[in-house]
Amino acid sequence: MSQKVTRRQFLNYSLMGVGSFMAAGVILPMGRFALDPLFQEEASGSMITTSVSADDITEEPVKVDFSYEQQDGWYVSEVTDFVWVYRDGEDIIALSPVCKHLGCTVTWAGDEANPNRFFCPCHNGLYEKNGKNVPGTPPRGPLDQYEVGVSDGYITIGEMKANELVN
Ligand code: FES
């Protein structure tokens, strides 16, 4: 017994097939667009090479700029930041310039009365050279520290971490 497909059935099947194909063409890219950031590889743990020679680092803290790509959802931008870097014997130390009180930028020897300390001009915050906050000034914690290294003679900057120099 043969089964005949009516013209109406054929039209229905054809429209369902074409409709499904078109829907998949729209939905699949949207799903990929929505989920793609979840599958991006994290670039954590990588060190950023700066343009500052390790030979130029002395016991006096200096600003060292570093740039990195920052991803905000789908928007990728180049961000330039800096750390305070100095030499402590064989070690190289990198400290965050962000004040632990309200986030202003600290400067090295920015206060004439405290030439060997970091100074925050916003509320007269003070930090020792190792980042320890000076009691009696507004900051309640030490400056954060950064992973730091040397690659081909140049300073490299890594992840920010809690200050390990201060007990
Ligand atoms: S923000 Fe630095 S002392 Fe207030």
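Name the single residue that is nearest to the ligand (Cβ to nearest atom) among those in the stretch 113-167 being buried (at least 18 other Cβ atoms within 10 Å of the Cβ) and charged (D, E, K, R). Of everything passing the filter in the stretch 113-167, R117 is nearest to the ligand (Cβ to nearest atom).
The strands (runs of 3 or more DSSP E) found wholly in the stretch 48-99 and carrying at least 3 residues that are in contact with a strand residue (DSSP E or B) (Cβ under 6 Å, 6 or more places away or on another chain) and more than 22 Å from P115 (Cβ to Cβ) occupy 48-53, 62-72, 75-88. Taking the listed residues D111, D72, D88, the one that is closer than 29 Å to D152 by Cβ and assigned by TED's automatic domain parsing to the domain that holds V134 is D88, with no other qualifying. Restricting attention to the stretch 84-112 and to residues that are among the aliphatic types (A, V, I, L, M) and within 13 Å of E60 (Cα to Cα), the residue that is nearest to the ligand (Cβ to nearest atom) turns out to be L95. Residue pairs whose Cβ atoms lie under 8 Å apart, sitting 6 or more positions apart in sequence or on different chains, and linking a residue in the stretch 22-51 that is modelled with pLDDT under 85 to a partner that is outside any helix (DSSP H, G or I) and among the polar types (S, T, N, Q), are P37/Q71; Q40/Q71.
The values are calculated or read from the model by the stated rules, or taken from the named source; none is laboratory data. As the structure is a computational prediction, the values presented were derived from the model and not from experiment. As a convention, Cβ positions derive from the backbone with ideal geometry for all residues, glycine included, and neighbour counts pool all protein chains shown.
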